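The values are calculated or read from the model by the stated rules, or taken from the named source; none is laboratory data. Since the model is a prediction, treat every value here as computed from it, not as a measurement. Counting neighbours? That spans all protein chains shown, and the Cβs are built from the backbone with ideal geometry, glycine included. We work out accessible area using only protein heavy atoms, side chains counted, and drop any ligands, DNA or RNA first. Shrake-Rupley method; radii C 1.70, N 1.55, O 1.52, S 1.80 Å.
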Amino acid sequence: MPSPAPAPRRIAVSAPQFQGNEWKYVQECLESTWVSSIGRFIPLFEGQFAAYCEVEYAVATNNGTSALHLALLGMGVGPGDEVIVPTLTFVATANAVTYCGAKPVFVDSEPRTMNLDPVRLEAAITTRTKGILAVHLYGHPADMDAIAEVAKRHGLFVVEDAAEAHGALYKGRKVGGLADAGTFSFFGNKIITTGEGGMVTLRDAERMARIRLYRGQGMQQDRRYWFPVVGYNYRMTNIQAALGLAQLEQIARYTEHHRRVAGWYAEQLGPVGEALRLPVEEAWARHAYWLYTVVLGPGVAVERDAVMAGLAEVGIETRPVFYPMHVMEPYYEGRGRYPVAERLSERGISLPTHVGLTEEDVRYIAGQLRRLCGL
Ligand SMILES: *Cc1c(COP(=O)(O)O)cnc(C)c1O
């Protein structure tokens, strides 16, 4: 009998890892029966996450989308308001504005970091504009000082969607603590995970109280079953928080590994020059490299989707860059208005980036990518 062919290589774009206290803490939840949204891990996780982000308060939620919704409610966003968001983002950023009865107003990206272009902010402001929701896309912080400068001039709030940027730094300061509020996601493919989960980070006690009120069905803190507002059930469970606390204990190893993987990619792909636009790390930034995202240059004749299909054939999972919001039905504005975002969306590929990748994996991925692009 011939020996079986070796198992084909399978490299996932993201992969969570549970090598710390996850098992012990979750077991404690089960043994104590504190499995719902009361239990010691929730305030522990909130407290330690607030400390990690260098803010006073953190409010744990059932996912990153509800964290965004709550942060906007905390800022007082309501019907008739407008909130500026980058068109190139995950849909949850825009939807959270819509959930408030407000309208997301889009701006184009700047090509280097793929983030909201602060130069284009002014033109998007109207008398209804209430705030700016900046996104640290793929882990690179948005230019928060430039954004804050415009916001201050027009009396707008600023919220950071840091769902993809745990541990990233802007001028030496942690994301999530750079504006009026920050939000995070702990979905299974994020830098740390609680399965599903999210967090709002902020410094203002009054807004924090409002966010907690809306998170817990709107029930008044000192009066059971009294609901002064229509709230939501956006609570995190003790089990999620148990996972989150254990993941947070290991976050330095995760963030360092993401940067190490990025370094390996840069080494392997650097020599191809302008053919592939590699992620930029601005002098003022520490990139979290949630996903190492490259953009095919004009010199690459192959379509992006063909490159992705070719990579899939050799066992490498990748992700296309998001579609910009303005080309999809709920937010349709036609094509052409935001050309930078459209080009990044058509030509961008996120490569596998996670704590389980080895240098050998990255060499294999980079080699296959170069072959498919003819580089
Ligand atoms: C993942 C993500 C979210 C939403 O997080 P969920 O936990 O999946 O609800 C929001 N914004 C961005 C930019 C994201 O990548």
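Between E54 and E274, take the C-beta separation as r, use R0 = 45 Å, and let me know the FRET efficiency to the nearest 0.05.
Details: r = 38 Å, r/R0 = 0.84.
Step by step, r from the Cβ atoms, then E = 0.75.
Just to be sure I understand: of the beta bridges DSSP finds with both ends in region 145-299, what percent are antiparallel, rounded to 5? Before the final figure, lay out the partial values.
Working: 12 of 16 bridges.
Of the beta bridges lying entirely in region 145-299, close to 75 percent run antiparallel.
Where Rh is the Kirkwood radius over the Cα pairs of region 1-124, the temperature 37 °C and the viscosity 0.692 mPa s, what D in µm²/s does Stokes-Einstein return? Walk me through the numbers before you get to the answer.
Details: Rh = 18.8 Å.
D, rounded to a whole number, is 175 µm²/s.
Given the convex hull over the Cα atoms of region 222-290, what projected area results after averaging over all orientations, in nm²? Intermediate values should be presented prior to the final figure.
Values: hull surface 37.7 nm².
Result: a mean projected hull area of 9.4 nm².
With a cut-off of 8 Å between alpha carbons and a minimum separation of six or more residues, what is the relative contact order of the chain in percent? It would help to have the intermediate numbers written out before the result.
Numbers: 829 pairs, mean separation 85.4, N = 375.
That works out to 23 percent.
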Quick one: pull the percentage of alpha-carbon pairs in region 316-366 with a separation above 19 Å.
44 percent
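Tell me, what is the FRET efficiency for W284 and D222 to the nearest 0.05, using R0 = 35 angstrom and their Cβ-Cβ distance as r?
Numbers: r = 45 Å, r/R0 = 1.27.
Result of the calculation: an efficiency of 0.20.
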Largest to smallest accessible area among E149, E206, E317, E22 [probe 1.4 Å]:
E206, E149, E317, E22
What's log10 of I(q)/I(0) for region 251-308 at q = 0.12, 0.14, 0.26, 0.27 Å⁻¹, Debye sum over Cα points only, no solvent?
-0.34, -0.45, -1.13, -1.17
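May I ask you to order 95-104, 175-184 by the average number of other C-beta atoms within 10 Å around their residues, highest value first?
On the way: 95-104: 19.4, 175-184: 27.3.
Put in order of decreasing packing, that is 175-184, 95-104.
Restricting to bridges with both residues inside the chain, how much of the DSSP beta-bridge set is antiparallel, in percent to the nearest 5?
Numbers: 25 of 43 bridges.
Bridges in the chain are about 60 percent antiparallel.
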Residue by residue through region 14-21, which ³J(HN,Hα) values in whole Hz follow from phi under the Karplus form 6.51 cos²θ - 1.76 cosθ + 1.60 (θ = phi - 60°), with glycine and proline marked x?
9, 7, x, 9, 10, 10, x, 7
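Quick check on packing: order 137-147, 272-282 by the mean number of other C-beta atoms within 10 Å, highest mean leading.
Numbers: 137-147: 24.1, 272-282: 16.3.
Per-residue Cβ counts within 10 Å, averaged per peptide and sorted highest first, yield 137-147, 272-282.
What number comes out for accessible area per residue over the chain if the probe is 1.4 Å? Units Å², please.
Details: 16180 Å² over 375 residues.
Value for the chain: 43 Å² per residue.
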So what is the calculated 222 nm ellipticity per residue for the chain, using -39500 (n - 2.57) for each DSSP H run with n of 4 or more, over all residues, to the nearest 500 deg cm²/dmol?
-10500 deg cm²/dmol
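First compute the accessible area of region 267-375 with a 1.4 Å probe, then give the percent of it belonging to carbon and sulfur atoms. Mind dumping the intermediate values first?
Details: 2490 of 4890 Å².
Reported share for carbon and sulfur atoms: 51 percent.
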For S36, the accessible surface traced by a 1.4 Å probe with all protein chains present amounts, in square angstrom to the nearest 10, to 70 Å²
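Using a probe of 1.4 angstrom, how much of the accessible area of region 42-128 is carbon and sulfur, in percent? Present the calculation step by step, with values, prior to reporting the outcome.
On the way: 1620 of 2870 Å².
Result for region 42-128: 57 percent of the exposed heavy-atom area is carbon or sulfur.
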Semi-axes of the equivalent ellipsoid of region 127-219: what are they in whole Å, largest first, if each equals the square root of 5 times a C-alpha gyration tensor eigenvalue?
22, 20, 11
Where is the GNM fluctuation largest for the chain (alpha-carbon springs, 10 angstrom cutoff): T65, T358, T318?
T358
Of G198, V280, Q221, which is farthest towards the positive pole of region 151-283's charge dipole, taken about the Cα centre with +1 and -1 on the beta-carbons of Lys, Arg and Asp, Glu respectively?
Q221
Quick shape check on the chain: root eigenvalues a ≥ b ≥ c of the Cα gyration tensor, a/c under 1.5 is rounded, otherwise prolate if a/b tops b/c, else oblate, and it reads oblate
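Per 0.36 nm of contour for each residue apart, how much would the distance between E303 and A12 grow if the chain were fully extended, relative to their Cα-Cα spacing?
Details: separation 291, 0.36 × 291 = 104.76 nm, distance 2.16 nm.
Result: 102.6 nm gained on full extension.
May I ask you to compute the full-extension gain from R173 to R319, defined as 0.36 nm times their residue separation minus their alpha-carbon distance, rounded to one decimal in nm? Each step should come with its number before you reach the end.
Details: separation 146, 0.36 × 146 = 52.56 nm, distance 2.92 nm.
Net length gain for the segment: 49.6 nm.
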Kirkwood Rh over alpha-carbon pairs of region 275-345 plugged into Stokes-Einstein at 37 °C, 0.692 mPa s gives a D in µm²/s of 230 µm²/s
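If you take the square roots of the eigenvalues of the alpha-carbon gyration tensor of region 254-375 and sort them as a ≥ b ≥ c, do you get rounded (a/c under 1.5), prolate (a/b over b/c) or oblate?
Prolate.
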Diffing region 242-257: the Karplus 3J(HN,Hα) column from phi (6.51, -1.76, 1.60, θ = phi - 60°), in whole Hz with x for Gly and Pro, holds 4, 4, x, 4, 5, 5, 5, 4, 10, 5, 4, 5, 5, 5, 5, 5
Show me, for region 117-129, the HN-Hα J-couplings you get by feeding each phi into the Karplus relation (A = 6.51, B = -1.76, C = 1.60, θ = phi - 60°), rounded to Hz, glycine and proline as x.
8, x, 5, 8, 5, 3, 5, 8, 7, 10, 5, 8, 5
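Please give the charge dipole size of the chain, origin at the Cα centre, charges +1 on K and R Cβ atoms and -1 on D and E Cβ atoms. Round to the nearest 20 debye. It would help to have the intermediate numbers written out before the result.
Numbers: 37 positive and 40 negative charges, 65 e Å.
In total the dipole reaches around 320 debye.
Using a 10 Å cut-off on Cβ atoms, rank the peptides 159-166, 37-44 from the highest mean neighbour count down.
Top to bottom by mean Cβ count within 10 Å: 159-166, 37-44.
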Using the crude model of +1 on Lys and Arg Cβ and -1 on Asp and Glu Cβ, and no other charge, please compute the dipole size for region 32-156 relative to its Cα centre, in debye to 20.
300 debye
